[in-house]
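Nothing in this text is a laboratory measurement; each read-out follows from the coordinates by a stated rule. Everything quoted here is computed from the prediction, not taken from an experiment. Positions of Cβ are generated from backbone atoms using ideal geometry, with glycine treated the same way; all protein chains shown enter the neighbour counts.
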Amino acid sequence: MQVPAHFEYERATSVDHAITLLARWGSEARVVAGGHSLIPMMKLRLARPEALIDINELAELVYIRLADGVLRVGAMTRHAELLANPVVGEHYPIFHDAERVIADPIVRNRGTVGGSLCQADPSEDLSAAFAAVDALAVVRGPGGERTVPIREFHIGPYETVVEPGELLTEIRVPVRPGGSSAYEKVERRVGDWAVAAAGAAVWLDGDTIADAGVGLTAVGADHFCSPAAEAVLRGAPATEETFAAAGRAAAESCRPSADQRGPVDYKRHLAGELTVRALRRAVARARGQEA
Amino acid sequence: MTTRITVTVNGEEHTAEVEPRTLLVHFLRDQLGLTGTHWGCDTSNCGVCTVTLDGTPVKSCTVLAVMAHNHSVGTVEGLERDGKLDPVQQGFVECHGLQCGFCTPGMMLTARWLLDNNPDPSETEIREAISGQSCRCTGYENIVRSVQWAARQEVTR
Ligand code: FES
Ligand code: FES
């Protein structure tokens with residue numbers, strides 16, 4: 001029987017209350033949202049917080065809003081809610097692609113967007129999706145609120161810039177016209193972590209790629225993205241040749257490690273091929289040729 | 001140290017003392033004696049521990065009992081109403097939807113949730129809904145048929 005070690009439990013009733021509790025418990029506290037990463041780690045004693053600050057009651061952090069060209073996702077939004085949201089699907093289908101292949105429907109009912117980002121697992125899908133669309137993380141602490149570009153949010157495996165005493169409250173994604181996006185993942189079996197995955201966001205100006213973002217999952221890409229592939233894409237024609245060149249750049253730019261999910265060469269190959277597929281689909285969507 | 005929680009389980013309010021680290025599955029089974037909720041992999045993979053939390057299926061091996069405080073939980077024991085099986089349960093009887101029965105409570109709760117939200121699901125939608133739950137016996141065919149049977153009952157009712 002796997003049960004976490006003893007801990008003190010605090011139920012936050014508001015964001016301010018959560019911040020107060022975090023200040024009281026200091027670095028020995030961990031925030032628990034859906035718990036689907038943290039509780040398994042606590043069962044295995046890979047995490048042993050002295051106190052858990054439960055933010056499940058914070059309805060104020062459950063929302064998906066589009067206003068003034070910015071899509072705002074509250075940190076306590078469950079995966080299932082992101083997947084079911086039509087506004088998200090309309091502007092950023094990359095999130096629906098990614099959510100469809102995150103774990104399974106029952107886990108998605110509980111796991112949260114904010115929890116996934118803060119867990120900072122190198123194989124976590126949403127991190128690359130948010131990196132591809134150049135999102136902004138909103139972090140609140142005792143001194144107020146600060147924003148962090150998502151490409152600076154993760155500083156290593158299981159490590160983010162969120163300090164003890166701080167709480168991720170929101171993710172912001174700018175919505176710009178003329179674009180679309182897609183996410184492509186290869187997994188060993190349904191619901192598993194990615195062997196590798198790639199996300200692409202493109203903005204077209206006629207047949208030219210005006211701007212692009214490329215996110216990479218589980219292949220050791222710094223900050224889950226590939227600036228090298230993006231440099232290939234910007235200003236280039238939206239053609240198969242360009243996608244292939246970007247794929248090569250993505251494959252070269254990442255540093256996968258071999259594990260039970262596959263050897264380095266295979267993962268590198270996937271990083272390139274999945275980048276191509278994600279770009280192809282994102283462009284087709286931007287042209288209105290594919291749902 | 002324990003903490004006091006009040007949880008509505010199958011419509012009935014329960015107040016109990018639990019350790020914060022107590023998992024919802026153990027609270028239901030060991031403290032309330034509701035052993036219909038099964039417990040298998042312990043790693044949120046197999047789904048045999050599935051119960052509903054405020055009407056939505058969750059894996060109770062990965063939810064703390066304290067998180068259910070002031071919320072309502074549904075288990076397989078609550079499916080039957082006034083001595084009458086839920087159509088989903090009846091479907092599992094009619095279509096031989098179980099063999100050993102280990103996965104069955106979780107499968108039926110997810111099926112109930114699916115039909116509540118999508119009364120006429122396609123086969124793909126049924127398979128997708130139960131894709132977070134493992135069955136080592138049936139090969140899923142008869143589980144799908146059981147859910148389809150229940151859907152037909154309810155659509156024609
Ligand atoms: S026991 Fe909970 S998912 Fe297997
Ligand atoms: S009936 Fe035996 S595991 Fe499903």
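Between A:VAL3 and A:ARG234, how many nm apart are label points set 7 Å from Cα along the C-beta direction?
The modelled label-to-label distance comes out at 5.5 nm.
Each label point is 7 Å from the Cα along the Cα-to-Cβ direction; what then is the distance between the points at A:ASP259 and A:GLU152, in nm?
2.8 nm
Fewest first, what order do A:VAL107, A:VAL264 take by the number of other Cβ atoms within 10 Å?
Details: A:VAL107 22, A:VAL264 15.
Exposure proxy ranking, most exposed first: A:VAL264, A:VAL107.
Excluding A:PRO227 itself, what net charge comes from residues whose Cβ is under 15 Å from its Cβ, given Lys and Arg +1 and Asp and Glu -1? Spell out each step's value before the answer.
Details: positive: A:ARG151, A:ARG234, A:ARG248, A:ARG255; negative: A:ASP134, A:GLU152, A:ASP211, A:ASP222, A:GLU230, A:GLU252.
With Lys, Arg at +1 and Asp, Glu at -1, the net is -2.
Quick one: if you stick a label point 7 Å off each Cα along the C-beta vector at A:TYR266 and B:GLN31, how many nm between them?
Here the modelled spin labels are 4.5 nm apart.
Please report Rg (one decimal) and Dmax (integer) in Å for the Cα set of the stretch B:3-76.
Cα radius of gyration and Dmax of the stretch B:3-76 are 10.8, 30 Å respectively.
To the nearest 0.05, what FRET efficiency results for A:GLU28 and B:ARG81 with a Förster distance of 41 Å applied to their C-beta separation?
Values: r = 47 Å, r/R0 = 1.14.
Efficiency for this residue pair is about 0.30.
Per residue of the stretch A:185-201, in order, report the coupling 6.51 cos²θ - 1.76 cosθ + 1.60 (Karplus, θ = phi - 60°) as ³J(HN,Hα) in whole Hz, putting x for Gly and Pro.
9, 10, 10, 5, 8, 3, x, 7, 5, 5, 5, 7, 8, 9, x, 9, 10
From the phi of every residue in the stretch A:44-52, what ³J(HN,Hα) in whole Hz does the Karplus formula 6.51 cos²θ - 1.76 cosθ + 1.60 yield, where θ is phi - 60° and glycine or proline is x?
Along the stretch A:44-52, the couplings run 8, 6, 6, 10, 9, x, 6, 9, 10 Hz.
I'd like the Karplus ³J(HN,Hα) series for the stretch A:83-95: coefficients 6.51, -1.76, 1.60, θ = phi - 60°, whole numbers in Hz, and an x wherever there's a Gly or Pro.
Residue by residue, the stretch A:83-95 yields 5, 7, 7, x, 5, 4, x, 5, 8, 9, x, 3, 6 Hz.
Among B:THR43, B:THR35, B:THR52, whose mean-square fluctuation peaks in a Gaussian network model of chain B (Cα, cutoff 10 Å)?
Answer for the Gaussian network model of chain B: B:THR43.
Name the residues whose placed amide hydrogens come within less than 5 Å of the amide hydrogen of B:ARG21, ignoring near sequence neighbours (fewer than 5 apart) on the same chain.
Sorted by chain and number, the residues that satisfy this are A:PHE7.
Kindly provide the helix-only [θ] at 222 nm of chain A, computed as the sum of -39,500 (n - 2.57) over DSSP H runs of four or more divided by all residues, to the nearest 500 deg cm²/dmol? Could the numbers behind the result be given before it?
On the way: 12 runs with 104 residues, N = 291.
Result for chain A: -10000 deg cm²/dmol, rounded to the nearest 500.
Within the stretch A:135-170, what residues put their amide N at less than 14 Å from the label point 7 Å along the Cα-to-Cβ vector of A:THR20?
A:142
How many percent of DSSP beta bridges within the protein assembly as shown run antiparallel, rounded to 5? Please list the in-between numbers first.
Working: 59 of 69 bridges.
Of all bridge pairs located within the protein assembly as shown, approximately 85 percent are antiparallel.
Counting other Cβ atoms within 10 Å of each Cβ, which trypsin sites (Lys or Arg not before Pro) in the stretch B:53-152 have at most 12 and sit in a DSSP loop? Walk me through the numbers before you get to the answer.
Values: sites: B:LYS59, B:ARG81, B:LYS84, B:ARG112, B:ARG127, B:ARG136, B:ARG145, B:ARG152; in loops: B:ARG136.
When the trypsin sites (Lys or Arg not before Pro) of the stretch B:53-152 are filtered for loop state and at most 12 Cβ neighbours within 10 Å, B:ARG136 remain.
Arrange the following residues from fewest to most other Cβ atoms within 10 Å of their Cβ: B:MET108, A:MET42.
Ordered from fewest to most neighbouring Cβ atoms within 10 Å, B:MET108, A:MET42 come out as A:MET42, B:MET108.
Check which residues have an amide H placed less than 5 Å from B:HIS14's amide H, if you skip close sequence neighbours.
Here B:VAL7, B:THR8, B:VAL9 satisfy the definition.
Mind checking the stretch B:34-94 for GluC sites (Glu not before Pro) that DSSP puts in a loop (not H, G, I, E or B) and that have at most 15 other Cβ atoms within 10 Å? Each step should come with its number before you reach the end.
Values: sites: B:GLU77, B:GLU80, B:GLU94; in loops: B:GLU80.
Those that pass, being in a loop and sparsely packed, are B:GLU80.
Starting from the eigenvalues of the Cα gyration tensor, five times each then square-rooted, give me the equivalent ellipsoid semi-axes of the protein assembly as shown, largest first, whole Å. Let's see the in-between values first.
Working: eigenvalues 283, 154, 75 Å².
They are 38, 28, 19 Å, listed largest first.
Between the helical axis of A:264-286 and the dominant principal axis of chain A, each derived from Cα atoms, what acute angle in degrees is found, rounded to the nearest 10?
70 degrees
Checking the cross-link filter: which aspartates and glutamates have an alpha carbon closer than 12 Å to that of A:LYS267, excluding same-chain neighbours under 8 positions apart?
Partners within reach: A:GLU187, A:GLU252, A:ASP259.
Going by the alpha-carbon gyration tensor, a ≥ b ≥ c the square roots of its eigenvalues, is the stretch A:179-286 rounded (a/c under 1.5) or, if a/c is not under 1.5, prolate (a/b greater than b/c) versus oblate? Mind dumping the intermediate values first?
Numbers: a/c = 2.37, a/b = 1.77, b/c = 1.34.
Prolate, since a/c reaches 1.5 and a/b exceeds b/c.
With r defined as the distance between the Cβ atoms of B:HIS96 and B:ARG127 and R0 fixed at 25 Å, what FRET efficiency is calculated, to the nearest 0.05? Before the final figure, lay out each step's value.
Details: r = 18 Å, r/R0 = 0.71.
Given R0 = 25 Å and the Cβ-Cβ separation, E is 0.90.
Among the lysines, which have Cα under 29 Å from the Cα of B:LYS59 when same-chain residues fewer than 8 positions away are ignored?
Result set, ordered by chain and number: A:LYS43, A:LYS185, B:LYS84.
How far is helix B:141-156 tilted, in degrees, relative to the longest principal axis of the Cα atoms in chain B, given as a value from 0 to 90 rounded to the nearest 10?
80 degrees
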